[in-house]
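The next block holds one structure in the form of structure tokens; read it before the comments.
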Amino acid sequence: MKKRFITGVLIGLVSIITVVQVNGSRPKLVVGIVVDQLRTDYIESLESLFGEKGFKRLMKESAYLRDVDFVVANPDAVNATAMIYTGNYPSKNGVVASSIYNAEKHKSEASLNDPASIGNFTTETYSPHNLMLSTISDEVKIDGAGLGAVYSIALDPQQAIIMAGHAGNSAFWINDNTGKWSTTTYYKDVPQLLSQRNYGKSLASRIDTMQWKPAYSLDKYIGIPAQKRYYPFRYTFPTSDRNVYRMYLDSPLANEEITTVAVDYLKALQLGNRGDAIDMLNLSYTAEPFKYVKDGDYRLELQDTYIKLDAQLGRLFDAIDKYVGLSNTVIFVSSTGYYNDAVEDDPKYEIPTGQFSVKRATSLLNSYLVALHGNGNYVETFSHDQIYLDRKQIESKGLRISDVAEEAKVFLCKMSGVSDAFTLTEILSHANPELESLRLCINPKTAGDIYLKVAYGWTLVDDTTYPEVKKQVRSSSVLTPAFIMGAEVESQVINTSVKAISIAPTITQILHIRSPNGAIAKPLAL
């Protein structure tokens, strides 16, 4: 009797599963798009200049999240992308910043650097080995038992790898030294169309003929000073300039190249047409200020970047509709949660400022510690706003690292141009909730001993490197958006703040697959 009852229950369960599989209408394709430094206010203020198929379509047909909060103290394009795709913060997903200080090698290196993975069309060596959690892409691949295809096309190598995940087919990016489409031997799938593009239609063969000009007459742009309306900009990209590909990647012309390759992928690789398995295509675009303007005022160029990006989104969405069907596709678009518009103000405005020299600060700090504890080299380096103490030197003196770090912190806080300093011990202590944004982007294994905050308005000058690197310190708090569009998603505008780590579990819920293994937020109710 019991055996018959159990058999009946099992048959019933099989019937239920069969019904779900037959009647369930899962998407055929998911498209993930990350736009570096995308701003909500620019999208909304420029709406009248957009076409009908790009941002306007997203605003009308998607769940429009106007305020996505990345929470962490120092988001950048790389760690923000990792947060979006893993659903967790840098302290847990392994990607704390675009680059980290390697204490063993005594140098800074890319967070996803992996010498074991050889570059293809590049000397760079990358892999997802340092990405410690699964991603949306990984879960798509696992759900299809490996049959679904996962590709990424990006402007930045580490973004490409994060978006492809551990299990993706391939990750390609534009090499900023050669303009070649490049990848890593970690991924085994090299689409022939990209190899052919490198040889037959390379950027090197075209870039000399490219130019960037305003899309409209200057009277159409918003809030532009009168004196700038008389001189339309015109940028060219001569190969004689050693920074030509870097300039190109910072311009909206690079977004056009991304779209062109994405459309080729949709057509040639037949994405979204693989039976029951879901395919995934991941893209990165840029909406960052163009740093190569001569007068430091890039408002006109930035507005034009949004106008041209809108056209590329419309072109991409049309291709998706043509080859897969928008009704069969889930699309998410997210900013990277920050905006870097820092430029040095003209002295005539008398804004309080100064230059904070890394070489001078570390030298003075070491002299102070010598005065306290005797001769020695107590300061190893300064990297990414952090001071690394020489632990071997300090331990050889019989001193505690935490005590010396506290002494260093007190000394640094008295320096001109320093607004605050925190020891690693303080940051990791949960007793101080005010340091939560720092704690979430700190990995104790790679973090420095003191985190330094240079005063707003000052210029941080890292004169320990050649050429020296200057960074204008400015707080640029702006609303940054995300959009989620799909047949199951209700069109709506969400004005309340939403955490960036909620994007991953929301997308996987819409796809009816598992969340990434470290996703800690609940999915949004869309």
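The values are calculated or read from the model by the stated rules, or taken from the named source; none is laboratory data. Everything quoted here is computed from the prediction, not taken from an experiment. Here Cβ is always computed from backbone atoms with ideal geometry, including for glycine, and neighbour counts include all displayed protein chains. Remember, those area values only see protein heavy atoms, side chains included, never the ligands or the DNA or RNA. Shrake-Rupley method; radii C 1.70, N 1.55, O 1.52, S 1.80 Å.
What list of ³J(HN,Hα) couplings, whole Hz, do you get for the stretch 374-382 from phi and the Karplus terms 6.51, -1.76, 1.60, once you set θ to phi - 60° and write x for glycine and proline?
Coupling constants for the stretch 374-382: x, 4, x, 9, 8, 10, 7, 6, 10 Hz.
Setting aside same-chain residues fewer than 8 positions from LYS53, which aspartates and glutamates have a Cα under 16 Å from its Cα?
Once the sequence-local aspartates and glutamates are set aside, what remains near LYS53 is GLU44, GLU61, GLU256, ASP310, ASP318, ASP321.
Compute the accessible area per residue over the chain, keeping the other protein chains in place, probe 1.4 Å, unit Å².
Per residue, the chain has 46 Å² of solvent-accessible surface.
Using per-residue counts of other Cβ atoms within 10 Å, averaged over each peptide, order 83-90, 141-148, 449-456 from highest down.
83-90, 449-456, 141-148
Assuming 0.36 nm per residue, please report the length gained on full extension of the stretch LYS213 to ASP189 beyond their Cα-Cα distance.
Here the answer is 5.0 nm.
Given the pairs LYS141/LYS308; LYS141/LYS201; LYS220/LYS470; LYS107/LYS291; LYS180/LYS228; LYS60/LYS267, which span a C-alpha to C-alpha distance of over 29 angstrom in this model?
Over 29 Å Cα-Cα: LYS141/LYS308; LYS141/LYS201; LYS220/LYS470; LYS180/LYS228.
Can you tally the net charge around TYR298? Count Lys and Arg as +1, Asp and Glu as -1, for every other residue whose Cβ sits under 12 Å from the Cβ of TYR298.
-3
Can you check what the net charge comes to around ASP219, using other residues whose Cβ is under 14 Å from the Cβ of ASP219 (Lys, Arg +1; Asp, Glu -1)?
Combined, the nearby Lys, Arg, Asp and Glu give +2.
Of LEU440, HIS430, PHE483, which is farthest along the charge dipole of the stretch 425-526 in the positive direction, counting Lys and Arg as +1 and Asp and Glu as -1 at C-beta?
PHE483
To the nearest 20 Debye, how big is the dipole of the stretch 299-412 about its Cα centre, given +1 on the beta carbon of each Lys and Arg and -1 on that of each Asp and Glu?
420 debye
Which GluC sites (Glu not before Pro) in the stretch 59-142 pass both tests, a DSSP loop state and at most 10 other beta-carbon atoms within 10 Å?
GLU104
If you fit an axis through the alpha-carbon atoms of helix 253-268 and take the longest principal axis of the Cα set of the chain, what angle between them do you get, 0 to 90°, nearest 10?
30 degrees
Once both axes come from the Cα atoms, what is the angle between helix 299-323 and the longest principal axis of the chain, in degrees from 0 to 90, rounded to 10?
30 degrees
Counting only residues 5 or more places away or on other chains, whose amide H sits under 5 Å from the amide H of LEU283 once H atoms are built in the peptide plane?
So LEU283 has HN proximity to GLY32, ILE33, VAL34, ILE153.
Taking θ as phi - 60°, what are the ³J(HN,Hα) couplings along the stretch 59-69 by the Karplus curve (6.51, -1.76, 1.60), each to the nearest whole Hz, with x for Gly and Pro?
5, 8, 10, 10, 7, 9, 8, 6, 9, 9, 9
Nothing charged except the Cβ atoms of Lys and Arg (+1) and of Asp and Glu (-1): what's the magnitude of the dipole of the chain about its Cα centre? Round to the nearest 20 debye.
Taking the Cα centre of the chain as origin, the dipole is about 1200 debye.
With a 1.4 Å probe and every protein chain kept in, tell me what percent of the accessible surface of the stretch 73-172 is carbon plus sulfur.
C and S atoms contribute 54 percent here.
Net charge near THR336, counting Lys/Arg +1 and Asp/Glu -1 over other residues with Cβ under 11 Å of its Cβ?
Taking every Cβ under 11 Å from that of THR336, the sum is -3.
Separation of the stretch 316-377 and the stretch 49-91 by C-alpha centroid, Å?
18 Å
Ignoring ligands, DNA and RNA, what percent of the 1.4 Å accessible area of the stretch 331-428 is carbon and sulfur?
Solvent-exposed carbon and sulfur of the stretch 331-428 make up 48 percent of the total.
Would you kindly work out the equivalent ellipsoid of the chain from its C-alpha gyration tensor and give its semi-axes, the square roots of five times the eigenvalues, largest first in whole Å?
In descending order the semi-axes read 40, 31, 22 Å.
Exactly which trypsin sites (Lys or Arg not before Pro) in the stretch 222-283 are in a DSSP loop and have at most 10 other Cβ atoms within 10 Å?
Passing sites in the stretch 222-283 are ARG234, ARG242.
Where does the Debye-calculated log10 I(q)/I(0) of the stretch 453-493 sit at q = 0.23 Å⁻¹, using only Cα point scatterers of equal weight, no solvent?
-0.84
Got a sec to turn the phi values of the stretch 202-212 into Karplus ³J(HN,Hα) couplings, 6.51 cos²θ - 1.76 cosθ + 1.60 with θ = phi - 60°, whole Hz, x for Gly and Pro?
Here the 3J(HN,Hα) series is 5, 4, 4, 7, 10, 5, 5, 9, 7, 8, 10 Hz.
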